[in-house]
Amino acid sequence: MNETVKNLINRKSCKSYQTKHVPKELIDEIVAAGLNAPSGMNLQTPRFVVVTHQDMVKKLSDMNGAIANMPFDPFYGAQDVIIVLAKKEGTYLYDGSLAMGNLMNAAWAMGIDSRWIHRAKEIFASEEGQQLLKEWGIEEEVEGIGFCILGYAKEEKEKTEIKTGRVFYV
């Protein structure tokens, strides 16, 4: 089987991370995969914010947990986060989703675990989220697509069973 296809088939999400950072060189490669995701009319609407500073990771996790009223860390202890935003034009929502998929698939292919965490839309629509964007130098109108948490699994997880009856040939 082709190595790329094998990685796509075997990828799984992680809910328990070691307290170990992903090396910057590897994060840069993962981000390159996100930057190269397809986009409608080649508008390249996705924007990425790489967060490796623990205070900011915790702040974002706390903001996320507050929206969802979660009694636990919604980032599952991950030390590194890539925020996916998208400039609001064209097919930005789909573009950002494709970019997120590329990030997670690239991470998996490199031996790094990941998970898509939602509520970026709500966080960056809030006054506090808008202030963070300004502090980070993001002045254009963007929407939060998701958080790609990255790291190394604490424990091995079984692959989720794939439901049958979802493919139709015509």
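Of interest is the spacing of the C-alpha centroids, which for segment 1-51 and segment 143-170 amounts to 13 Å. Once you've got the Cα coordinates, tell me which of LYS88/LYS154; LYS15/LYS121; LYS20/LYS157 are over 28 Å apart. Correct reply: LYS88/LYS154. Packing-based ranking of 75-88, 134-147 yields 75-88, 134-147, ordered from highest to lowest mean Cβ neighbour count within 10 Å. Looking at the chain, the DSSP beta bridges with both ends there are about 100 percent antiparallel.
Charge tally for THR45 (other residues, Cβ to Cβ under 13 Å; Lys, Arg +1; Asp, Glu -1): -2. A probe of 1.4 angstrom, applied to the heavy atoms of all protein chains, finds SER97 with accessible area near 40 square angstrom. Applied to segment 6-13, the Karplus parametrisation 6.51 cos²θ - 1.76 cosθ + 1.60 on θ = phi - 60° returns per-residue 3J(HN,Hα) values of 4, 5, 5, 6, 8, 4, 9, 8 Hz, with x for Gly and Pro. Computed per residue of the chain from DSSP H runs no shorter than four, each worth -39500 (n - 2.57), the mean residue ellipticity at 222 nm is -12000 deg cm²/dmol.
Taking the Cα centre of the chain as origin and assigning +1 to Lys and Arg Cβ atoms and -1 to Asp and Glu Cβ atoms, the resulting dipole is close to 620 debye. Prolate is the label for segment 90-165. Its Cα gyration tensor axes, ordered a ≥ b ≥ c, give a/c of at least 1.5 and a/b above b/c. Taking the Cβ of GLY90 as the center, what net charge do the other residues with Cβ under 15 Å away carry, scoring Lys and Arg +1 and Asp and Glu -1? Net local charge, GLY90 excluded: -2.
Of the Cα atoms belonging to segment 7-62, the radius of gyration and Dmax stand at 14.3, 40 Å.
Shown here: the chain, whose C-alpha atoms stretch 47, 40, 33 Å along the first, second and third principal axes, sorted largest to smallest. Looking at segment 3-88, the accessible area is 54 square angstrom per residue; that uses a 1.4 Å probe and ignores ligands, DNA and RNA. Only one residue of ALA120, ASN64, GLY101 has its Cα farthest out toward the positive end of the dipole of the chain, where Lys and Arg carry +1 and Asp and Glu -1 on Cβ, and that residue is GLY101.
The values are calculated or read from the model by the stated rules, or taken from the named source; none is laboratory data. Please read these numbers as outputs of a predicted model, since none were measured by experiment. In this analysis, Cβ positions are derived from the backbone assuming ideal geometry, glycine residues included, and neighbour counts consider all displayed protein chains. Accessible surface areas use protein heavy atoms only, side chains included; no ligands, DNA or RNA. Shrake-Rupley method; radii C 1.70, N 1.55, O 1.52, S 1.80 Å.
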